[in-house]
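Shown next, in structure tokens, is the structure this report addresses.
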Amino acid sequence: MKIIFRSAAIVALFIATSCGKDAPENVAEEFEKEAEQQEQTPLEANSVSDNVIIEGGTKKDGVPPTPNEGITLDVSSTSKTAFLGEGFDVSVSSNVELAGAYIQFKSEDGTVSDSYYDIDISANSKSSKITASKKGFNFDKKNKGALVAKNDEATVIDVDFNVNIEPGTFCYVVCVYDAEGNISGPSEVCATVESWGGYAELVAEWNNVKSEETYDGQTSVTVLGEEDCMSFESGFLSTTCNQEFTSFFECETTEIAKLTLKADGTYSYNDQSKRQVLDTAATEEACEAVYKDALRTYGYESLGNWAYVKGESRLTLVEYSWSDTEDGVLSESETYDPGEGELIFDGKITVDGNAFIVMEEYDDDNDGIIDLLYKTYFEK
């Protein structure tokens, strides 16, 4: 399998350079050069068409039906990035409810594939309204979902790759249609299949040192190692004391939060925290916070792949397994099959020597004014 061969090549490269003074840096730099060259390779239209997997899609010979342009199509929210073993998403919106879409692949020289896909949108695994359910750069499995919703009326079509797709560039033409048979005009999108990893400057162990949240002009800061008594809302307890409404919070301290980006395109994230736990019965009786003697400890590990699009300063993290521990005992875990990874992050970062910063902006009411700003700071 080609992905296994690529991994073996990286291992061989590591062995070949391991006698050098700066072996890890050499490996990362060589892999970055190799990745950049591969990503510039034009992919042949039929090769891409023959090696995609589209749930709800039927492959048909020839070209799609002629559009009558009776409905609109907007693909402005569609990413121009695809990933090895994962594929890409096509974000489409229209002035009507959509029943399906036609996709035909195209080479850099303009040659179209000998076949196209007729996709039943209701049968495609990702065809649903986008919601920005996750805010803030974190790995909390309870908050996973689309990171940024550029168009909350868009429908996302999921296109997966098998192992025969290599890094390179390709294009595709997409039309959408409704239940009455109206077909939009075609739109062309060109994308790059990114290698995992591929940026030597990011290959390191990064410690999350602090996070900032700015809302309505007010900024709150959470620093690694400092107690945070507002973050764990499920520990919230309220009661009426002396005819007054009183609230109590459990307090949590994150002691470790480390993101390791490796030259082979894999990542690991680990965090460990400890928490004061309220004795709810004693608290209600005393009308003041009473905590249990023993602190509870929590651990989280996430494993997956990362990619960096240099021209856009964009980092992407795709998770393939995670695990939770409570007081040192495994409490929950999950592993995802290839092509079914969870998108943890896909956004711009600023890299400056021994530090990088993630900045996420949200305009919730689409008035052009940023309502919410998150900044997460990492250091080597």
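No value in this document is a laboratory result; all are computed from the given coordinates. Treat the numbers as computed from the prediction; the structure is a model and nothing was measured. Cβ: placed from backbone, ideal geometry, glycine included. Neighbour counts: every protein chain shown.
Give the peptides 206-219, 161-174, 266-279 in descending order of average Cβ contacts within 10 Å, highest first.
The packing order, highest mean first, is 161-174, 266-279, 206-219.
Among LYS210/LYS380; LYS80/LYS310; LYS210/LYS348; LYS258/LYS292; LYS274/LYS375; LYS210/LYS292, which pairs are too far apart, with a Cα-Cα distance over 21 Å?
Long pairs (Cα-Cα over 21 Å): LYS258/LYS292; LYS274/LYS375; LYS210/LYS292.
What does the extension gain come out to for SER331 and TYR291, with contour length at 0.36 nm per residue minus their alpha carbon separation?
12.1 nm
In whole Å, largest first, what are the principal axis extents of the Cα atoms in segment 160-240?
Dimensions of segment 160-240 along the principal axes of its Cα atoms: 61, 45, 29 Å.
Each label point is 7 Å from the Cα along the Cα-to-Cβ direction; what then is the distance between the points at LEU373 and ASP279, in nm?
4.5
If packing is taken as the average number of other Cβ atoms within 10 Å across a peptide's residues, how do 302-315, 339-352, 79-92 rank, most packed first?
79-92, 302-315, 339-352
Dividing the convex hull volume of the alpha carbon atoms of segment 200-379 by its residue count, what do you get in Å³ per residue?
166
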